[in-house]
1. Per DSSP H run of at least 4 residues, take -39500 (n - 2.57); add these up for the chain, divide by its residues and hand me the 222 nm value, nearest 500 deg cm²/dmol.
2. Rg to Rh for the range 159-221: what is it, with Cα atoms only and Rh by Kirkwood?
3. Would you mind working out the magnitude of the charge dipole of the chain relative to its Cα centre, with +1 at each Lys and Arg C-beta and -1 at each Asp and Glu C-beta, to the nearest 20 Debye?
4. Which FRET efficiency value, to the nearest 0.05, is calculated for GLN175 and ARG89 with the Förster distance at 22 angstrom and r the Cβ-Cβ distance?
5. What FRET efficiency do you get for GLN7 and MET141 if R0 is 25 Å and r is their Cβ-Cβ distance, rounded to the nearest 0.05?
6. Restricting to the chain, what percent of DSSP beta bridges are antiparallel, rounded to 5?
7. What is the log10 of I(q)/I(0) for the chain, computed with the Debye formula using one identical point scatterer on each Cα and no solvent, at q = 0.07 Å⁻¹?
8. Pulled fully out, how much extra length does the chain show between ILE217 and GLU198, if you take 0.36 nm times their separation in residues and subtract their Cα-Cα distance?
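Nothing in this text is a laboratory measurement; each read-out follows from the coordinates by a stated rule. Worth saying up front: this structure is predicted, and the values here are computed from it rather than measured. Here the Cβ positions follow ideal geometry from the backbone for every residue, glycine too, while neighbour counts run over all protein chains shown.
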Amino acid sequence: MQQTKKQINLKSLEATTLLQNFAYPIVLVTFKGEKEITELRYAAYDIHTSEEIIPKNKILLAYMKIDQKAITEQIKIENTIKKKRLQTRIPIQERPTLSIEDTLKATHNTPVTVTMMNGQRIEGNLTQYDKYNLVVNIKDMPVLLYRHAIYQFQDITQIPTYTYREGKDVDAFIQKILKDFILTKEYQLTIIYKGIKETEAEQITKQLQTHIPNADIERRYS
């Protein structure tokens, strides 16, 4: 039995962003690198440019050329993820699920951190999302993210926070964090240090960082 072609949804978040909200030229970030395009034809599974047809499962994100310099300065690189050379799994059923709706509870302008499969880490405010895409604003510059290429998603408002007080067992404190970290697979956490010197707090943070070198650990003092 011959399969019917998928209907093109020009009202989707991806379509309205690329065709209406973005000014050209547009930068598409693919697994092979960046591609600057001055026009496109929108299809269900591909982006057609004047030079080539780019399968959507090869695209990670997109933004306007005018914002490229400022955005690239804000994007961090997770080298451990980059070295894995990950690719989107073609069968949809094999792709990892993201509990984005459960995490965000449909709130808008939620501060988030999104790590893509190529190691790029985007920090900004989530303004829109649907089944296939997200739009994250980095300092008022919109970036379209493709869900199939997301490695890790985190609502910053739900970053775990731990408190260390003077006299507390350092090893037990670190082991507690590591246990939670492994279970939740978080990439950020906050430690509030109470009643100790900053030099001592720094030593504890460094000790923890040896176990989770790619995590962002924010230190606060009270």
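1. On the way: 6 runs with 49 residues, N = 222.
It lands at -6000 deg cm²/dmol.
2. Working: Rg = 10.7 Å, Rh = 11.7 Å.
That ratio equals 0.92.
3. 500 debye
4. Working: r = 34 Å, r/R0 = 1.56.
Efficiency at R0 = 22 Å is approximately 0.05.
5. Values: r = 31 Å, r/R0 = 1.25.
My answer for the efficiency is 0.20.
6. 80 percent
7. Result of the Debye calculation: -0.28.
8. This chain segment gains 5.4 nm when fully extended.
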